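J.: Quick one: the structure is below, questions incoming.
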Amino acid sequence: MTNLILRPAGETNSSQIHELIHLVGINPTGLDWKRFIIAVNDGDEVIACGQIKPHGEEVRELASIAVRPEYRGQGLARRIIESLLADAERPLYLMCRSHMGPLYEKFGFRTLAYEAMPRYFKRITKLAGLADVLMRSGDSLLVMKLE
Ligand SMILES: CC(C)(COP(=O)(O)OP(=O)(O)OC[C@H]1O[C@@H](n2cnc3c(N)ncnc32)[C@H](O)[C@@H]1OP(=O)(O)O)[C@@H](O)C(=O)NCCC(=O)NCCS
């Protein structure tokens, strides 16, 4: 793990970022490579990534946190998150499935009540709530905030 390099993405990494996001099955929109931090292996393959995604002037989202399955459980997501948090303005928001909440609590994020959410997240939460009902998924969507 120590020989893995963490760095800002370049344009040549864009397609691998898209592939990784599709592989792990999280939100595939807003994947501008210029915002991404990546980890690459010795073969210069993207094995982990994350970004801070803006929604207008005021709202910033920690997003696209993904690690290739064979590299999980070694602290790679933690390194990506810490690196993004080190440079990001506050407050910072994120959206995740409820079973992921404990991961983000480790970094100081707290779950927001619906009334306290910025408008962008209210809209997504409503849509996700509808999808949960339709798909009968037992896992709800959390919106979390880091002050
Ligand atoms: C979630 C994911 C990014 C974790 O990557 P990882 O490199 O294995 O995570 P790390 O090894 O850095 O673990 C960081 C911390 O999170 C915890 N953690 C990891 N996966 C977790 C999970 N699924 N649920 C709760 N906590 C978790 C670890 O215990 C660890 O805690 P510690 O540092 O106190 O020991 C990875 O499993 C993944 O890509 N999943 C699919 C995509 C996804 O769900 N992304 C998050 C979208 S909100």
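FYI, it's all coordinate maths here, none of it is from the lab. Quick caveat, the model's predicted, so the values are computed rather than measured. Cβ atoms come from the backbone with ideal geometry, glycine included; neighbour counts cover every protein chain shown.
J.: Report the charge-dipole magnitude of segment 1-89 in Debye, nearest 20, computed about the Cα centre from +1 at each Lys and Arg Cβ and -1 at each Asp and Glu Cβ.
T.: Here the size comes out at about 200 debye.
J.: If you plug each phi of segment 60-69 into the Karplus form 6.51 cos²θ - 1.76 cosθ + 1.60 with θ = phi - 60°, what whole-Hz ³J(HN,Hα) values come out, in order, with x for Gly and Pro?
T.: 10, 10, 6, 8, 6, 6, 8, 10, 4, x
J.: 222 nm [θ] for the chain, helices only, -39500 (n - 2.57) per DSSP H run of 4+, per residue, to 500?
T.: -9500 deg cm²/dmol
J.: Rg over Rh of the chain, using C-alpha atoms and the Kirkwood radius, what does it come to?
T.: My calculation puts Rg/Rh at 0.96.
J.: Over the chain, with a Gaussian network built from C-alpha contacts below 10 Å, which listed residue (Gln16, Gln74, Gln51) shows the highest mean-square fluctuation?
T.: Evaluated over the chain, the most mobile residue of the options is Gln74.
J.: Could you pull out which residues in segment 86-105 have an amide N less than 20 Å from a spot 7 Å beyond the Cα of Ser140, following the Cα-Cβ vector?
T.: 93-105
J.: Let me ask something else about it. Label-point separation (nm) for His99 and Arg119, each offset 7 Å from Cα along Cα-to-Cβ?
T.: Taking the simple label geometry, His99 and Arg119 are separated by 3.5 nm.
J.: Now a separate question. Can you pull the one-decimal nm distance between simple spin-label points at Lys126 and Arg110, each 7 Å off the Cα toward Cβ?
T.: 2.7
J.: Would you please name the GluC sites (Glu not before Pro) within segment 24-115 that are DSSP coil residues with at most 11 other C-beta atoms within 10 Å of their C-beta?
T.: Qualifying residues, ordered by number: Glu57, Glu58, Glu89.
J.: For segment 90-107, in order, what is each residue's ³J(HN,Hα) by Karplus, 6.51 cos²θ - 1.76 cosθ + 1.60 with θ = phi - 60°, in whole Hz (x at glycine and Pro)?
T.: In residue order, the calculated couplings are 10, x, 10, 10, 8, 10, 8, 5, 4, 6, 8, x, x, 4, 6, 4, 4, 9 Hz.
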